[in-house]
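Take a look at the structure set out below.
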């Protein structure tokens, strides 16, 4: 009988199943506090409050598996005079190496830079044999050197797109900034169209995202962006704009003489992982509930609560 024709039972050997641990009636860390052995009846009277203290138990510190590497040596800070001296020494050593390579025939010696002022000193008696020809050669060589200098400058010159990218890096890029910086401003009155235009346009020009929510009693401006952009926008909001003069109109001042002076304060500034708003927009709301909904839709209603509950006396 051929053993390969014997049928094998389907499924084979059943896999081993890991036995599950039984769920205890009460966790060991709760057994010291609870007087009863179950969680069914929990109240302050049935808690061992003596076990609850103001102290925090910290785990025992463990020694690292290996000794930490020694810190690298700090670079020596040189003065301006020492930096100039080192630069001179490097240039002299480089020029000495070049002269040595010319002496060995590895490099072609440079042509003498003859000018009209040093003509007799460089050429000597040769300049008196045919002065007209020598003058033409000298002027031609000087023009070639000048043109080569201009060509090198043109080759190093940035294209319009490269110049634009360099300017953008200078204005917006900051490698030391991690995440996104958020600023929340509280303004008493943002109804003036000129001030509203400055707030909106400067945020867009600085590539900031956020929202400006305007109501009758309070206005809240939230901006998100990089460190450099936030710094420029802070100067605009806190220094450049005259908020006392930026009110809705002259009639408002006549009707309400006891109205407080218009002002702008920085409620909060901090860092978040990523921006919340896709772009910057201005929202005119009729009620505070509608204004708070703008931030609630962006999942940051606490920005509105911070501005509303902010007190200048506490700051």
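Readers should treat all values here as calculations from the given coordinates under stated rules, not as data from a laboratory. These figures come from a predicted structure and were not determined experimentally. With ideal geometry, Cβ positions are generated from the backbone for all residues, glycine too; neighbour counts draw on all protein chains shown.
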TODO: Could you check how many percent of all C-alpha pairs in region 180-308 are farther apart than 19 Å?
DONE: 45 percent
Task: Per-residue Cβ neighbour rank within 10 angstrom, fewest leading, 29, 304 - done: 29, 304
Task: Most mobile listed residue (294, 182, 56) in the chain, GNM with C-alpha springs under 10 Å - done: 56
Open item on the list: Assuming 0.36 nm per residue, please report the length gained on full extension of the stretch residue 100 to residue 299 beyond their Cα-Cα distance.
Closed with: 64.5 nm
Open item on the list: Looking only at the chain, where both bridge partners belong to it, what percent of the DSSP beta bridges are antiparallel (to the nearest 5)?
Closed with: 80 percent
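Rule-of-thumb check for region 32-152: C-alpha Rg over 2.2 N^0.38 Å?
On the way: Rg = 41.6 Å, N = 121, 2.2 N^0.38 = 13.6 Å.
My calculation over the Cα atoms of region 32-152 gives 3.06.
Would region 102-141 count as rounded, prolate or oblate if I go by the C-alpha gyration tensor, calling it rounded below 1.5 in a/c and otherwise prolate when a/b exceeds b/c, oblate otherwise? Let's see the in-between values first.
Numbers: a/c = 2.67, a/b = 2.13, b/c = 1.26.
Prolate.
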